[in-house]
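The values are calculated or read from the model by the stated rules, or taken from the named source; none is laboratory data. Please read all numbers here as calculations on a predicted model, not as lab measurements. Note that each Cβ is placed from the backbone with ideal geometry, even for glycine, and that neighbours are counted across all protein chains shown.
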């Protein structure tokens, strides 16, 4: 089965399990938050790393990928809330709080965070010794110490530390994706942190570019928000061409950070291929 | 060391760890949400059950207790938000969103949920085989399928299922406390579910009674909210004396549900002693 299909199937199982004893509206909100998905970049990256490391337990790699995607979906739902971005649209449809109301958006985000850890425990049933490192990787990525909660919280500080902001808000989940892939395969994971961190930084730069010049219908959410909300942006800092070159450099850095593993060359190819899709073609061409 | 001191120490370590790489306001909000604590009923119950089951690893029992308390603190912070109870006060001080603003209240809640699972993984370092069941117990207690997210979400439904509402909103964390205590001690945990569930139901009845007749200065939060918000309440259903008798019955049920274990008699005594404090003396006396 294609890695993407495996991820969709694992996410479907997690949602179906929650629906069994959940109030109806909350169950619908969870499904709405997770399906249809975006590009599923993070779980695909996690699965690719597990594969490159010679994974021997696909249920665990799938659980790890699903956990990271569930955490990502949770952060999108909460970031869209009126007290943060107050976004009306997400992934081409109404944001969750616009469709279901604010209480269910808060609760769906909470439940998705919890479900992320449950997905790890379910996936690790045949490899209990690997669960501890995976829980720690995912909790670091989601938490207050450099995780996505920290990333969003930097926006509440009077002085923002730009590098820590991006590392936490975007890099942390990508770094978790590569580390979790390695940990799911039973190999040391710390060396995989930078691969994901660089990809995350590249993705952040691409997001800044798309926000600055993108088309809302392609992006599925409003554009021009960085300027409107005075948020830090690679485009504002480096200009459009500078930002596109920075993106390319970051992908090169990610690839050169890949630790020795059985399928390093194939993984490099996969990463480059995915990164090509970070920007719509017409924008990427501007830097050629 | 006293079980309560152990819990405070484990919570302190978790908060101190988050503070190390967290934006300053988020770090302060996390500390504010967890200290000074309430009665720490759930982690005390968890530790007592672990002790009654002959626990051989206190770090794990402490991690389990701290996880449940962190999840509880998260739910208090999110339940107080303007889109739910819109509470100004909690534990005798301003609610978190009143003290730090709504964005940090959402993020602190999220981070506390994540920290709960991290506390389990840290605690289980010497007993990796027990981590899986503990993660599942805690995720069930927090999640959409009968956990606290489900409990709060019942308030968003047009028709509320009262029994499922109370089970999820209050019972789930108490049930998790007793099950996690057993799982931390390495004994089968499912048989411990009802002990916690009955204690949780008793606590809910006590909370309804305190809300109906209590003193805000004792309770640390506004009273009369059940009537004001038209929430279901044991007092409205059974009358004051009926509710007090129901509370006593539930404590008896909890005690008779205790599975065979090495310190069953001592645990019964502890549970009865704790339950005596659910109500201020002058109210408890009304039913005598």
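Summary table
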{"quantity": "Lone qualifier among A:43, A:23 - being under 19 Å from residue A:118 (Cβ atoms) and within 21 Å of the chain's Cα centre (by Cα)", "calculated": "A:43"}
{"quantity": "Residue A:155 being surrounded by fewer than 24 Cβ atoms within 10 Å (Cβ to Cβ), more than 30 Å from residue A:23 (Cα to Cα) and free of Cβ contacts under 8 Å to residues at least 60 places away in the same chain", "calculated": "no"}
{"quantity": "Scan of region B:68-98 for residues that are part of a helix (DSSP H, G or I) and facing another protein chain (nearest Cβ under 10 Å), ordered by number", "calculated": "B:71, B:74, B:75, B:78, B:79, B:97"}
{"quantity": "Test set (1) part of a helix (DSSP H, G or I); (2) under 26 Å from residue A:258 (Cα atoms); (3) within 16 Å of the chain's Cα centre (by Cα) - residue A:8 fails condition number", "calculated": "(2)"}
{"quantity": "Subset of region B:178-206 (residues that are closer than 14 Å to residue B:275 by Cβ and touching a residue at least 60 places away in the same chain (Cβ under 8 Å))", "calculated": "B:178, B:195, B:196, B:199, B:202, B:203, B:206"}
{"quantity": "Yes/no for residue B:268 being free of Cβ contacts under 8 Å to residues at least 24 places away in the same chain and buried (at least 16 other Cβ atoms within 10 Å of the Cβ)", "calculated": "yes"}
{"quantity": "Region A:33-62: number of residues that are touching a residue at least 60 places away in the same chain (Cβ under 8 Å) and assigned to a helix (DSSP H, G or I)", "calculated": "18"}
{"quantity": "Criterion: crowded, with 24+ Cβ neighbours inside 10 Å and under 23 Å from residue B:85 (Cα atoms) - qualifying residue of A:107, A:70", "calculated": "A:107"}
{"quantity": "For residue B:167: the one exception among (1) within 14 Å of chain A (Cβ to nearest Cβ); (2) at pLDDT below 95; (3) farther than 26 Å from residue B:268 by Cα", "calculated": "(3)"}
{"quantity": "Residues that are without any contact (Cβ under 8 Å) to a residue 60 or more places away in the chain and under 21 Å from residue A:235 (Cβ atoms), drawn from region A:247-265", "calculated": "A:247, A:248, A:249, A:250, A:251, A:252, A:253"}
{"quantity": "Index of the failed condition, residue A:163 passing every other in (1) in contact with a helix residue (DSSP H, G or I) (Cβ under 8 Å, 6 or more places away or on another chain); (2) part of a helix (DSSP H, G or I)", "calculated": "(1)"}
{"quantity": "Residue in region B:125-148 that is more than 8 Å from chain A (Cβ to nearest Cβ), surrounded by fewer than 24 Cβ atoms within 10 Å (Cβ to Cβ) and not in a helix (DSSP H, G or I) present", "calculated": "yes"}
{"quantity": "Single match in A:270, A:286, A:279, A:250 (criterion: farther than 17 Å from residue A:201 by Cβ and either at pLDDT 95 or above or in a loop (DSSP other than H, G, I, E, B) (or both))", "calculated": "A:270"}
{"quantity": "Scan of region A:16-31 for residues that are assigned to a helix (DSSP H, G or I) and surrounded by 22 or more Cβ atoms within 10 Å (Cβ to Cβ), ordered by number", "calculated": "A:18, A:26, A:27, A:29, A:30"}
{"quantity": "Selection status of residue A:54, more than 14 Å from chain B (Cβ to nearest Cβ), farther than 13 Å from residue A:112 by Cα, at pLDDT below 95 and surrounded by fewer than 22 Cβ atoms within 10 Å (Cβ to Cβ)", "calculated": "no"}
{"quantity": "Residue match in region A:99-115 (condition: within 17 Å of residue A:7 (Cβ to Cβ) and at the interface with chain B (Cβ under 8 Å from one of its Cβ atoms))", "calculated": "yes"}
{"quantity": "Residue match in region A:1-22 (condition: in contact with a helix residue (DSSP H, G or I) (Cβ under 9 Å, 6 or more places away or on another chain), within 13 Å of chain B (Cβ to nearest Cβ) and within 24 Å of residue A:179 (Cβ to Cβ))", "calculated": "yes"}
{"quantity": "The listed residue being within 13 Å of chain A (Cβ to nearest Cβ) and farther than 22 Å from residue B:53 by Cβ, out of B:183, B:206, B:153, B:176", "calculated": "B:153"}
{"quantity": "Checking residue A:65 against (1) buried (at least 22 other Cβ atoms within 10 Å of the Cβ); (2) within 14 Å of chain B (Cβ to nearest Cβ); (3) touching a residue at least 60 places away in the same chain (Cβ under 8 Å), the condition it does not meet", "calculated": "(2)"}
